[in-house]
Amino acid sequence: MARYTGANCKLCRREGCKLYLKGERCTNGKCAFDHRSTAPGQHGAARKKVGEYGRQLREKQKARRYYGVLEGQFKHYYEMAEKMEGITGANLLILLERRLDNVVYRMGMAASRKEARQLVLHAHFTLNGKKVSIPSILVKAGDVIAVKETSKESVKIKALAEACATAVTPKWIEKDAANLTAKVVALPAREDIDFEFNEQLIVELYSK
C-alpha cells in the first residue's frame, strides 16, 4: 500500500478532529479544519449514523494518521502490543510514541511528524552515535538522538534548531537544545500521550 500523498487537511476533516499534520499551520488560524470541519466529498456535510464498527474503524484511522504509519505497519504494532505485558491498547500507543520520527518531532526538531520522517530518511540524525535513516526504529530508555554534525550547517536544520530551543518536550525526553541532542530517560507511559484516543475501540476492532 502506497503512502498517502493527498491533502493533509482532508484527513483531519475525515476524522472530525485536528491531527496536527501540518505543523504551525494547524495552530495559526490558517487551518482548513477551522473553516470547514465537515467530512470531505460531495456528501460530507450530510448527517450519517455511525455504527459500532464505524466508530472502531474511525478510531483506528485517527491513530494511524496521527502517527503517519501505513496500514500494515499499524497492524504489526498491534500484534506486538498484544504479546506484551499490560493493556494492549496502551501498549500500542506507547509503541507508536517510541518511533524515532515521533521522538524527533517531540524534541522539537520538526514541525510535524511527516517532516521528522523526511529528516530521518535523509540521515540528518544519529542514534547512540550511529547514523540512522529508518523512521520506524523504536527507541529505548537511555538512547541518545542527535543531529549529525555535518547536518548542523544546513539552513533547514539551523531554522529548526531555533524552534527546538523553545519547544516543550515530554518528561520522558531530556533535551539539550544547545547541542541539538535528546536522551530518552524513560519509556513513555500512557498518560504522557496528550492526544485524545479511545484505544479500546481499536482493540475491539482487531479482536473481531
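The values are calculated or read from the model by the stated rules, or taken from the named source; none is laboratory data. This is a predicted model, so every value here is computed, not measured. Note that each Cβ is placed from the backbone with ideal geometry, even for glycine, and that neighbours are counted across all protein chains shown.
Numerical summary
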quantity: Whichever residue in the range 190-208 is modelled with pLDDT of 95 or more and of a type in the set (A, V, I, L, M, F, W, C) and, among such residues, is farthest from the chain's Cα centre (by Cα); calculated: 205
quantity: Single residue of the range 131-183 satisfying the filter (among the polar types (S, T, N, Q) and closer than 20 Å to residue 114 by Cβ) that is nearest to the chain's Cα centre (by Cα); calculated: 136
quantity: The range 146-166 - residue that is of a type in the set (A, V, I, L, M) and either in contact (Cβ under 8 Å) with a residue 40 or more places away in the chain or outside any strand (DSSP E or B) (or both) and, of those, surrounded by the most Cβ atoms within 10 Å (Cβ to Cβ); calculated: 160
quantity: Check on residue 76, within 30 Å of residue 161 (Cβ to Cβ) and out of contact with any strand residue (DSSP E or B) (no Cβ under 6 Å at 6 or more places or on another chain); calculated: no
quantity: Helices (runs of 4 or more DSSP H) wholly inside the range 2-105 that include at least 2 residues being modelled with pLDDT under 75, buried (at least 18 other Cβ atoms within 10 Å of the Cβ) and not charged (D, E, K, R); calculated: 8-15
quantity: Filter result (among the polar types (S, T, N, Q) and free of Cβ contacts under 8 Å to residues at least 40 places away in the same chain) within the range 167-208; calculated: 179, 181, 207
quantity: Qualifying residue in the range 124-131 (condition: touching a residue at least 24 places away in the same chain (Cβ under 8 Å) and either closer than 21 Å to residue 65 by Cβ or part of a helix (DSSP H, G or I) (or both)); calculated: no
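Each row is one residue, and each column tells you yes or no for (1) under 19 Å from residue 137 (Cβ atoms); (2) in a helix (DSSP H, G or I).
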| position | (1), (2) |
| --- | --- |
| 168 | no, no |
| 175 | yes, no |
| 188 | yes, no |
| 194 | no, no |
| 202 | no, yes |
